[in-house]
Protein chains: 2
Amino acid sequence: MNIKIKWLRDQLKTQNLQGMIVSNPVNIKYLTGIEAEGILLITLKENIFITDGRYVESVNTILTIDDEILVNDKKNLSKDDYAGFFMFCENVGFEENFVTYANYKEYLQTFRVNLMETENIIEGQRTIKEEKEIKYIQKACEITDKCFEFLKGFIKIGMTEKEIAFEIEKFYKTNGADDIAFDPIVASGHNSSMPHAVPGVRRIKDGDIILIDMGCKYKGYCSDMTRMIFVNHMEDEYKEAYSICLRNNENAEREIRDGKNMKTIAQNSNNDLKENGYVALHSLGHGVGLDIHEEPFFGIIYDQPLKENMVLTVEPGVYNAGQFGIRIEDTVLVTKMGMERLTKTPKDPTIIHCNDFKK
Amino acid sequence: MNIKIKWLRDQLKTQNLQGMIVSNPVNIKYLTGIEAEGILLITLKENIFITDGRYVESVNTILTIDDEILVNDKKNLSKDDYAGFFMFCENVGFEENFVTYANYKEYLQTFRVNLMETENIIEGQRTIKEEKEIKYIQKACEITDKCFEFLKGFIKIGMTEKEIAFEIEKFYKTNGADDIAFDPIVASGHNSSMPHAVPGVRRIKDGDIILIDMGCKYKGYCSDMTRMIFVNHMEDEYKEAYSICLRNNENAEREIRDGKNMKTIAQNSNNDLKENGYVALHSLGHGVGLDIHEEPFFGIIYDQPLKENMVLTVEPGVYNAGQFGIRIEDTVLVTKMGMERLTKTPKDPTIIHCNDFKK
């Protein structure tokens, strides 16, 4: 049987659950590779994917006999079929953080079984990446490094943030990525002081600071990186803040290894910012995988150990409200003894030399 | 008070609800104009938007005193504050089709009140557009017409579907739209036979048929249009199917007016397709507004009358599996006596004259 489903089945058993209804399409893709509308039933005897006529053929193409997943077209299922799926099951899990209240009631009526919350059991499983998943994230990070290299030559004085953001999207889509992983942030000058700035019509000027936060998807898996670009020269006011942020980022990365408590690392990072006169406006990082933000959430409220083969971001930021902000972010892989940076763009200040942009 | 909230309050009263928790951000934007994370409480005495520190300032900027909406930063609210919001309320509505089961349970604990399903009450309210909303949709349709005009000159033999789709997105983003309303469909040759084709690497050839389904957003409101493009000439095999589809589209549009039953119109359209040897693979259309697909759903299962100032699509399609498909789609406004087409691109077959595309 598909090893991810086998693992899930073992987990369900320890929670006294005899089955599970998986509804979140990201979790279904994770467990089975299937990208189609439908739900996955883990029953006592079988694994069943219920979908509709549009998808039956394509789903059967990607499954192998080893997956042991039966595909059912819902138009062939009767009320009794539904009521029979979880026969002899006392408790069946569902995804309480994904399923709407209306769907929950519908599941109760359809499957006639006792539904139990599963507390993100699959999201927990997803935190530890297997080899193939790491390869896909590596590839997404590699394309992101290339995109940054491209931007260094592309950005010109007079361009708007929007134009640069658009070019990032175009680069990704024409250089092997499936898609962007999130709307890129291009925040220049004082806009960089807002952690979640939206690219606007501000034009790049000589001496500007530009924050670029971007990532793409490769075979569904995401990358995430933030770097700062300085136009023609780096103004003195940015230098101290940059070195505070960089040192913080590097210290945090140095602390990462299998078994180390996440809260401790995040607390150390926050304390360091505080000692330097800054407040942490957001958490230190987050897991990256099929979702751009996923478990584990890397902050002071996540009192859990890091584990080998987790992939997460390290992204401390220093922000001077209304003036400018600096953030340096990598996607990293947790290893037995430390970590491996998957985004490999150098972290020294990037100063580009460019002239006016004439349309 | 804000007239949309006033209307909602009247509706709640008729359902014996003394308040409502609005969680769906699209519904919050519809009722208040607010675009920020948070929830809107309609309580006995007040309207309250609960958000966090990041948004308090920007939300207060867009609200006027006439809105009568109090903005609360959640960090200033105690458990007792939450429990007090719906004091003296017997039943309070919530959005069962949006709220997850986990959130539902959290609401129960936080607000300590009896929660009742509201059966898409706000989505129903959103079906009838007011003047300002119609203007925004008109503008989104106008940009879409311009985009089609642009494409007629842009498409060249040798381009891929993806390249054309990308250019549609770029046109929208640089010609006054906020964004695309959905990923554009560009389906050429046999790809056009799949109603939900994804633009791929197939290159445009002489004599090709190209299905283009696209729309943008203007101030949050969507447009939606499908047209066919024929490259250099229209092959005979397409002519009959095109005229069947066009006649079906025009007949359906002719039937539209305030009070007319939607199921009847959709049934007539399906019957006409059947008489011509085709099967309706999808419904005749859907409402368009802040969401690209919203109520009313215009098909044979929607046994409801059209109402003045609804905005919906009319999009019959004829599909020859594995060969080609033709769909003609407008966004239209329902009027007292008929309808007004908001997408105004002509519906005769569009034949473009173009040569090879040299990079």
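Computed from the coordinates by the stated procedures, all read-outs in this text should not be read as laboratory data. As the structure is a prediction and not an experimental result, all values here were calculated from the model. Virtual Cβ from ideal backbone geometry, glycine too; neighbours counted across all protein chains shown.
Measuring from centroid to centroid over Cα atoms, what is the spacing of segment A:308-323 and segment A:178-219 in Å? What the calculation gives is 14 Å, centre to centre. Counts of other chain beta carbons within 10 angstrom of each beta carbon in peptide A:94-100 average 4. The ranking of B:Met116, A:Met339 from fewest to most other beta carbons within 10 Å of each one's beta carbon is B:Met116, A:Met339.
Of all DSSP beta bridges confined to the protein assembly as shown, the antiparallel ones make up roughly 75%.
Near the amide H of A:Glu96, within less than 5 Å, lie the amide hydrogens of A:Thr118, A:Glu119, A:Asn120, all on another chain or at least 5 residues away, with H placed in the peptide plane. A simple spin-label model places the labels of B:Glu35 and A:Val198 0.3 nm from each other, with each point 7 Å out along Cα-to-Cβ. Taking each DSSP H run with n ≥ 4 as -39500 (n - 2.57) and averaging over every residue of the protein assembly as shown yields -10500 deg cm²/dmol at 222 nm.
The calculated pair-distance distribution of segment B:208-359 uses every alpha carbon pair, bins of 5 angstrom beginning at 0, and gives 2, 9, 19, 21, 19, 14, 8, 5, 2, 1, 0 percent. Projecting the Cα atoms of B:Tyr104, B:Thr118, B:Ala83 onto the dipole axis of segment B:3-125, where Lys and Arg carry +1 and Asp and Glu carry -1 at the beta carbon, places B:Ala83 farthest toward the positive end.
The A:Glu119 and A:Glu57 beta-carbon pair, evaluated with R₀ = 41 Å, returns a calculated FRET efficiency of approximately 0.70.
For the protein assembly as shown, give the magnitude of the charge dipole about the Cα centre (Cβ charges: +1 Lys/Arg, -1 Asp/Glu; no others), in debye to the nearest 20.
820 debye
Going through segment A:1-94, which trypsin sites (Lys or Arg not before Pro) have at most 13 other Cβ atoms within 10 Å and a DSSP loop state? Passing sites in segment A:1-94 are A:Lys45. For segment B:1-150, a crude dipole built from +1 on the beta carbon of Lys and Arg and -1 on the beta carbon of Asp and Glu, taken about the Cα centre, is about 140 debye to the nearest 20.
Which FRET efficiency value, to the nearest 0.05, do you get for B:Glu106 and A:Glu237 by plugging their Cβ-Cβ distance into 1/(1 + (r/R0)^6) with R0 = 56 Å? In this case the efficiency is close to 0.80. For A:Gly338, the residues whose amide H sits under 5 Å from its own are A:Asp258, ignoring neighbours fewer than 5 places away on the same chain, with H placed 1.01 Å from N. A simple charge model with +1 on the Cβ of Lys and Arg, -1 on the Cβ of Asp and Glu and nothing else charged puts the dipole of segment B:100-255 at about 460 debye relative to its Cα centre. Take each residue in A:103-109, count the other chain C-beta atoms within 10 Å of its C-beta, and the mean is 2. Taking amide H as placed 1.01 Å from N in the peptide plane, the amide H of A:Val198 sits under 5 Å from none that are at least 5 places away or on another chain.
Each residue of segment B:249-262 is assigned a 3J(HN,Hα), and the resulting list reads 4, 5, 5, 4, 4, 5, 7, 6, 5, 3, x, 6, 6, 5 Hz, derived from the Karplus form 6.51 cos²θ - 1.76 cosθ + 1.60 (θ = phi - 60°), x at Gly and Pro. For chain B, the Kirkwood estimate of hydrodynamic radius, built from reciprocal distances between every pair of different alpha carbons, is 22.3 Å. Calculated FRET efficiency, B:Thr174 to B:Lys132, Cβ-Cβ distance, R0 = 30 Å: about 0.75 to the nearest 0.05. For segment A:148-153, putting each phi into the Karplus relation 6.51 cos²θ - 1.76 cosθ + 1.60 with θ = phi - 60° gives couplings of 5, 4, 4, 4, 4, x Hz, in residue order, rounded to whole numbers and with x for Gly and Pro. So what is the diffusion coefficient of the protein assembly as shown in µm² per second by Stokes-Einstein at 37 °C and 0.692 mPa s, using a Kirkwood Rh over Cα pairs? Result for D is 116 µm²/s.
Treating each Cα of segment A:209-276 as an identical point scatterer and ignoring solvent, apply the Debye formula and state log10 I(q)/I(0) at q = 0.12, 0.14, 0.20 Å⁻¹. Scattering profile of segment A:209-276, log10 relative to I(0): -0.47, -0.62, -0.99.
Each residue of segment A:97-102 was assigned a 3J(HN,Hα) from its phi angle through the Karplus curve 6.51 cos²θ - 1.76 cosθ + 1.60 (θ = phi - 60°); the sequence is 8, 10, 6, 6, 4, 5 Hz, with glycine and proline shown as x.
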